[in-house]
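Notes for the one structure printed next.
The values are calculated or read from the model by the stated rules, or taken from the named source; none is laboratory data. Just so you know, these numbers come straight off a predicted model, no measurement behind them. Cβ: placed from backbone, ideal geometry, glycine included. Neighbour counts: every protein chain shown. Side chains included, ligands, DNA and RNA excluded: accessible areas come from the protein's heavy atoms. Shrake-Rupley method; radii C 1.70, N 1.55, O 1.52, S 1.80 Å.
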Amino acid sequence: MAKQEKTPQDRSIDQATIQTLEIAQANKVMTCFDRLDSQEPGCKFGTQGLCCKNCAMGPCRIIVGKEGKDRGVCGATADTISARNFIRMIAGGASAHSDHGRNVAETLLKVATSDKSDYQIKDEQKAIKVAMDLGIEVGDRDIKDICKEIAEVSLAQFGQQHGELKYIAKAPIKRQEIWRNLGVVPRGIDRETVEIMHRTHMGVDHDPEHLLLQGARCALSDGWGGSMIGTELQDILFGTPEPLTSQVNLGIMKDDTVNISVHGHEPLLSEMLVAASLDPEVLAYVKSKGATGVQLGGICCTANEILMRHGVPIMGNFLQQELALATNACDAMIVDVQCIFPSLPSVAACFHGSIFTTAHIAKMPEAEHIEFDTDNALETAKKLIMRAADNFPKRPKGKVNIPQVTEEFVAGFSHETINYMLGGSFRASYRPLNDNIINGKIRGVAGVVGCNNPKVQHDNVHVTVIKELIKNDVLVLTTGCGAIAAAKAGLLKPEAAAEFAGPGLAEVCETVGIPPVIHMGSCVDNSRILIAATAMVKEGGLGDDLSDLPACGSAPEWMSEKAISIGQYFVSSGVYTIFGVTFPTLGAEGTTKELFEHMEEQYGGKWDFEADPIKHAQKMIEHIDKKRKALGIDKARERVLADMDARREIS
Ligand code: SF4
Ligand code: MSK
């Protein structure tokens with residue numbers, strides 16, 4: 001029987017995505033969804049982590065249990081190969097986040113040492129706080145002087161050879177001891193990645209447990225190193241986010257504005273694009289082309305960065321990047337690094353709009369490269385917007401299809417603002433959150449983060465998992481493309497509490513005026529979740545380590561190596577972390593047991609996998625209940641539920 005074609009409705013739950021996918025199909029333009037079909041069935045060896053191509057005696061594909069086929073040419077087993085592959089993914093992900101952090105630190109150094117930079121130090125309070133975290137003397141020093149030292153100390157963390165990364169000291173004391181006992185405290189950010197590449201070279205480290213320890217060390221150098229540097233120093237340069245409202249989805253594009261999609265990750269460029277979009281010279285040029293103004297809209301994590309600090313609307317998440325072009329209304333897509341499909345120029349060629357690459361490390365053969373240089377940031381940003389404006393009059397008449405789909409939402413929650421919102425500006429504190437967890441109104445806290453993956457229905461897994469969690473009184477913190485999925489589904493509005501949250505969570509959200517799902521930023525901002533969780537531990541009443549908290553993490557539609565690095569730093573920090581879609585070691589029983597069982601003995605947190613969204617959420621809730629019981633606060637929640645029953649009886 002012929003295989004049934006998937007409809008756009010099978011591909012996504014998002015109406016804007018469905019509509020634009022129909023347009024792409026009508027124009028016979030291939031998108032990632034079609035290319036996935038043409039790749040299927042995926043390679044069984046690769047999917048299960050059983051393929052090695054680390055040397056030219058291979059590639060070797062392992063068939064577990066089949067004599068003669070159960071080892072690579074060198075003798076490597078399934079467990080060795082899958083553990084090597086797994087930690088190489090961590091190295092890839094950690095490198096991406098950490099390079100991002102390095103670029104921010106380099107920019108801060110330039111700003112602190114020059115009077116000519118287009119950037120400024122926007123949050124001096126944050127700079128002082130970061131200086132104190134890094135052991136830098138503040139006194140009555142000039143803020144630029146302090147920032148210069150912050151940048152230098154941060155940059156030194158990348159090349160440090162011995163000792164411990166400075167941000168490790170921010171973790172709860174007990175957690176630091178666990179890391180020291182296991183020998184996984186990162187020495188230097190770059191060193192841990194290089195050591196993974198060395199250990200996984202042909203003929204070096206063959207012990208899965210030993211390999212995974214280095215994986216943990218490298219992941220910690222991301223979460224408590226490169227990513228944390230990125231987030232903290234971005235707050236100094238661009239401001240610490242505060243709650244704000246915005247709009248999301250392809251419908252944010254307008255017929256009469258130059259629509260520019262900013263796609264990628266690093267806010268150095270996008271911050272300047274925001275400034276350039278308001279520049280009088282640029283606006284005059286835009287008007288000379290017949291447009292009324294500039295509409296910026298972000299895709300992926302760049303979207304989250306400029307959203308969090310400026311309220312710039314979001315055009316879409318990862319799987320919408322090609323579809324933004326299919327509207328014929330996107331005049332330019334300006335990209336930097338990470339999560340950018342190399343297909344974009346060929347899709348753009350079938351529709352309207354130009355693709356501009358800007359990062360010196362990231363080019364595409366058919367895209368125009370306008371290199372972005374922080375020394376000439378505003379000028380480059382202005383040039384890019386004017387090039388986009390040149391395309392405005394060329395939109396194909398009668399073929400512009402902007403889906404009229406948008407949703408409003410609230411974002412901009414940093415660790416600092418959660419602190420203030422819960423405790424008030426004079427007594428900023430996590431006490432009310434901890435108290436509401438202890439009294440059972442909030443059952444626990446879950447970080448639901450990460451990408452989209454066309455192997456599952458776009459956004460559906462994120463939204464179903466999140467709805468199930470909040471229905472069961474679990475407060476959700478979200479970042480990345482998961483946050484965008486939640487925003488599109490209307491879950492990031494305070495009103496969502498009454499509609500979707502359980503009674504305890506709804507009561508807390510309504511009292512404080514927060515949504516049941518809290519948008520905390522981009523993928524590097526997962527480090528904000530680590531800091532928030534640490535603040536909960538330090539506040540008291542919920543144990544003395546991150547692994548004691550009734551908390552867990554999830555990446556239900558993950559696809560990138562960065563997600564594996566994030567997952568591992570959550571696990572190594574003591575957090576139960578569950579992934580959906582697929583898991584890259586499932587063909588190797590020993591390695592999977594290390595990750596799914598032994599890590600719990602080592603770190604108090606462990607990996608898990610469940611593709612079904614409801615079962616996925618239920619596993620998270622089970623873990624939260626296990627932790628509540630261990631803390632002795634499970635009875636409090638039973639009382640809260642009894643109160644509700646009693647209330648229902650009365651009514
Ligand atoms: Fe095969 Fe071993 Fe070479 Fe990997 S390192 S490709 S398992 S021979
Ligand atoms: S952008 S890493 S698809 S979350 Fe951070 Fe989205 Fe995943 Fe890229």
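Quick notes on this structure:
- Positions within the range 497-520 being open to solvent by less than 40 Å² (accessible area, probe 1.4 Å), out of contact with any strand residue (DSSP E or B) (no Cβ under 7 Å at 6 or more places or on another chain) and either part of a helix (DSSP H, G or I) or within 16 Å of ligand 2 (Cβ to nearest atom) (or both), in sequence order: ALA497, GLY504, ALA506, VAL508, CYS509
- Search result, residues across the range 245-295 that are among the hydroxyl-bearing types (Ser, Thr, Tyr), in a helix (DSSP H, G or I) and surrounded by 16 or more Cβ atoms within 10 Å (Cβ to Cβ): SER270, SER277, TYR285
- Residue that is farthest from ligand 1 (Cβ to nearest atom) [pool: residues in the range 47-63 that are in a loop (DSSP other than H, G, I, E, B) and surrounded by 16 or more Cβ atoms within 10 Å (Cβ to Cβ)]: GLY49
- Figure legend. Inter-residue proximity from the range 339-367: first residues closer than 27 Å to PRO393 by Cβ, second residues acidic (Asp, Glu) and open to solvent by 40 Å² or more (accessible area, probe 1.4 Å), beta-carbon distance below 6 Å, spacing 6+ or different chains. Indicated pairs: PRO345/GLU366; PHE356/GLU368.
- Qualifying residue in the range 296-312 (condition: over 21 Å from MET272 (Cβ atoms), modelled with pLDDT of 95 or more and in the same structural domain as MET272 (by TED's automatic domain parsing)): no
- Some residue of the range 287-302 being of a type in the set (A, V, I, L, M) and over 30 Å from ASP459 (Cα atoms): yes
- Residue within the range 379-388 that is of a type in the set (Ser, Thr, Tyr) and either surrounded by fewer than 14 Cβ atoms within 10 Å (Cβ to Cβ) or within 26 Å of the chain's Cα centre (by Cα) (or both) present: no
- Residue match in the range 72-86 (condition: among the hydroxyl-bearing types (Ser, Thr, Tyr), away from ligand 2 (no atom under 16 Å from the Cβ) and crowded, with 22+ Cβ neighbours inside 10 Å): yes
- Only a single item in (1) within 16 Å of ligand 2 (Cβ to nearest atom); (2) closer than 15 Å to GLY203 by Cβ; (3) hydrophobic (A, V, I, L, M, F, W, C) is not met by ALA56, and it is number (1).
- Residues considered: PHE318, PHE372, PHE392. Of these, the only one that is in contact (Cβ under 8 Å) with a residue 60 or more places away in the chain and touching a Lys or Arg at 6+ places or on another chain (Cβ under 6 Å) is PHE392.
- Within this structure, SER117 passes the test of being modelled with pLDDT under 95 and among the polar types (S, T, N, Q).
- Here LYS399 meets the list (1) free of Cβ contacts under 8 Å to residues at least 12 places away in the same chain; (2) not assigned by TED's automatic domain parsing to the domain that holds LYS538 almost entirely, failing just condition (1).
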